[in-house]
Each structure stands twice: as structure tokens, then as C-alpha cells.
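The values are calculated or read from the model by the stated rules, or taken from the named source; none is laboratory data. This one's a predicted model, so the numbers in the text were calculated from it and none came from an experiment. Every residue, glycine as well, gets a Cβ built from its backbone with ideal geometry; the counts of neighbours run over all protein chains shown.
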């Protein structure tokens, strides 16, 4: 009887400790999910309001209505025609294609050199490249503008009001080079040894071995390049003074000024502008997530 009475408090205390630990874990999980839900709401609410307003009438958009009584799909056609998006949309497509193609070529070559090749000053050059990530983009506008103006004067064709000024300065992205370098650095050295045995050099190894197994990283590069080029506004407005090569972001800005108090048309124009970005992301969502998850595991 004595032994039973002595062991009872120990068992009770152990159960109480486990119950207290379980309660703290449950409270922490509740707090975590509450924060995540709050973050989701904060992120989605502006987007939902934009789409909802784009389907409203003018009276609903200027009132306190949150959901349209009857979706006004004609708002998108009116915004497309009034904002002349048919003129700006092809410009953005061309700018994006040229910029992203240049990034894939130049950033891939630079990232491979930093990841797989040995040369003098490699670490210094890579450190200098990373330093440029700390610079605000606006700091580079003036020197870039002077550079493209000078190149347009000495070159065979003008750069201002033309595609070179809108694309070439962004073909070498420090962030893209860094991300691809991190991914290429994870590739086993045994593959390079096997390629050398077969007589392959660096270019053949890059084209036939590295790039085929780097599809996720390349897709991530394409998405980031697409979004950055498609959303660019300040630089295109600086290097262009006509609508001949201005992108859809500039067209949206003009349309917002022209639409005035027509909030529903403004939101319809905004939805039209972001639709290509959403489409590209939805098509490459899996590769994008995989590329982000695997591009920073090795320094």
C-alpha cells in the first residue's frame, strides 16, 4: 500500500506536465494559424477589391458596395478601347521577350562561370556583384540614361525611344546571376568529371548537362524577369517621350489620368494589366516553387 501511495503523485505530476505541454503547443498552433490567416486576408483583400470593383457600375464603385449586384463584363472592353491598350500591349510583349531572352543568355553564362569555373578575382567580382543588390534602383537611372544616350549617338541606331534602352540595361541581373549560381553550385562534381571523360568542354557541359537539370531555376528566372519587365514604369518613362515603344504600364498610367472619377474602369484597366502575370505564374507555379526552394541551399 505504501508503494502505491508513493507512486501516485509522480504519475499525476507527469500527466499534468504532459497536459501543460500539449496545451502550450495547441495555443502556439492556434496563434500561428491566426497570423497566417491574417496575412492571407491582408494579401488577398486588395486584389479581391480590385476585381470586384472592375465588375461594378459607377454608382456601386463610388458607394459602399463590396460585391457587384450584376457583373459588368463590358467594363473590360470599354477600358481596353478607351485606354488604347491594343497599342501598348504588343510593346510590352516585345520588351519582355527581348529582356528575358537576354537574361537567360548572359545571366546563365555568368552564373556558370561563378559556380563552376576557377579564375583570378572570382570571389572579388562576385562580392562586387552582390554589393549592387544593396543599391536602390533609382541610383542607377542617371548613369544608365547617360550611357544609353551616348551609345545611341555613336551607334548605328538610336537607343532613346527604341527597344535597346528598354531592354539591354536589364539583361544582366545581379539577382538572377546570384540565384542561378546558387543552383549550379549544387550540381555534383561527378557529372563534370564524366563530361570531361566524354571530351566535353564547359559550353557543351552547360548546354547538355547543366541546363536540362536546371529547368526549375530557369523557369523562376523567366517569371522574375517577366514580372520585372512587365511592371517597369519609371525607366520607360525616362527613356521614351512617345508612345511608339512605351509599355502597357505607361498606358495604364495615362488611362488612370483620363478615366478620372470612373473608378470601375480604372480597376478594369488594372485587371487587364496584371492578367498576363497571373497567367504566366499559374502555368509555371510548380517549377517556380521548386526553383525558389532549391536555389539557396548551398553557398
Do you know which residues across the stretch 114-154 are surrounded by 11 or more Cβ atoms within 10 Å (Cβ to Cβ) and more than 27 Å from the chain's Cα centre (by Cα)?
122, 149, 150, 151, 152
Show me the helices (runs of 4 or more DSSP H) entirely contained within the stretch 193-299 in which 2 or more residues are modelled with pLDDT under 90 and within 14 Å of the chain's Cα centre (by Cα).
215-231, 263-283, 285-294
Could you identify the single residue in 242, 220 that is in contact (Cβ under 8 Å) with a residue 40 or more places away in the chain, surrounded by fewer than 15 Cβ atoms within 10 Å (Cβ to Cβ) and out of contact with any strand residue (DSSP E or B) (no Cβ under 9 Å at 6 or more places or on another chain)?
242
State whether one or more residues within the stretch 67-82 are crowded, with 16+ Cβ neighbours inside 10 Å and closer than 30 Å to residue 221 by Cα.
yes
Every listed condition ((1) touching a residue at least 60 places away in the same chain (Cβ under 8 Å); (2) within 22 Å of residue 231 (Cα to Cα)) holds for residue 90 save (1)
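Using the structure shown, decide if residue 135 is assigned by TED's automatic domain parsing to the domain that holds residue 226, without any contact (Cβ under 8 Å) to a residue 60 or more places away in the chain and closer than 15 Å to residue 235 by Cβ. Walk me through it before giving the result.
On the way: assigned by TED's automatic domain parsing to the domain that holds residue 226: yes; without any contact (Cβ under 8 Å) to a residue 60 or more places away in the chain: yes; closer than 15 Å to residue 235 by Cβ: yes.
Yes, satisfied.
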